[in-house]
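The values are calculated or read from the model by the stated rules, or taken from the named source; none is laboratory data. Being a predicted model, the structure only gives us computed values, none of them experimental. All Cβ positions, even for glycine, are placed from backbone atoms using ideal geometry, and neighbour counts span all protein chains on display.
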Amino acid sequence: MPSDKPRYTLRVPPELLKKMEYIAQYNGRTKNKEIEKVIKDYAAAFESEYGPIVFDEDGNVIDNSVRDHAKLRDIAKTMKHQEKLSDDVRAGLSGLTLSDKEGNKEEYKKAK
């Protein structure tokens with residue numbers, strides 16, 4: 001029975017195709033099914049890292065879904081990094097007393 005899935009011609013070096021054939025046989029799949037699984041796993045890993053790839057009702061990618069998730073992830077990483085730097089600065093200042101122009105003193109306690 002013919003498939004209704006779209007066709008895609010993939011050009012790869014012969015050695016790589018032989019390796020894929022070996023791996024497919026090892027896993028009990030056809031080369032085509034093995035390549036399909038690799039692509040599915042790759043897409044899942046991408047979405048796990050950057051967020052879901054969302055399609056509209058016409059099948060077009062809603063581009064901002066991944067970009068917005070990536071921006072939020074990057075902001076969270078930056079905030080974590082800044083918190084770590086603040087902790088490192090406080091640790092470096094521990095035991096010091098600093099004074100401002102008005103003579104107000106602030107003592108940094110040693111971290112426990």
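The residue pairs whose first member lies in the range 71-86 and is at pLDDT below 70, whose second member is surrounded by 10 or more Cβ atoms within 10 Å (Cβ to Cβ), and whose beta carbons are closer than 7 Å, counting only pairs six or more residues apart or on different chains, do not exist in this structure. The set of residues in the range 40-53 that are exposed (fewer than 12 other Cβ atoms within 10 Å of the Cβ) and hydrophobic (A, V, I, L, M, F, W, C) comprises Ala43, Ala44, Ala45.
Each row is one residue, and each column tells you yes or no for (1) part of a loop (DSSP other than H, G, I, E, B); (2) out of contact with any helix residue (DSSP H, G or I) (no Cβ under 9 Å at 6 or more places or on another chain).
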position: Met1; (1), (2): yes, yes
position: Arg7; (1), (2): yes, yes
position: Val12; (1), (2): yes, no
position: Met20; (1), (2): no, no
position: Ile23; (1), (2): no, no
position: Glu36; (1), (2): no, yes
position: Ala43; (1), (2): no, yes
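Scanning the range 45-60 for residues that are out of contact with any helix residue (DSSP H, G or I) (no Cβ under 8 Å at 6 or more places or on another chain) and outside any helix (DSSP H, G or I) yields Phe55, Asp56, Glu57, Asp58, Gly59, Asn60. Note on the range 3-31: residues that are surrounded by 13 or more Cβ atoms within 10 Å (Cβ to Cβ) and over 27 Å from the mean Cα position of the chain (by Cα) amount to 5.
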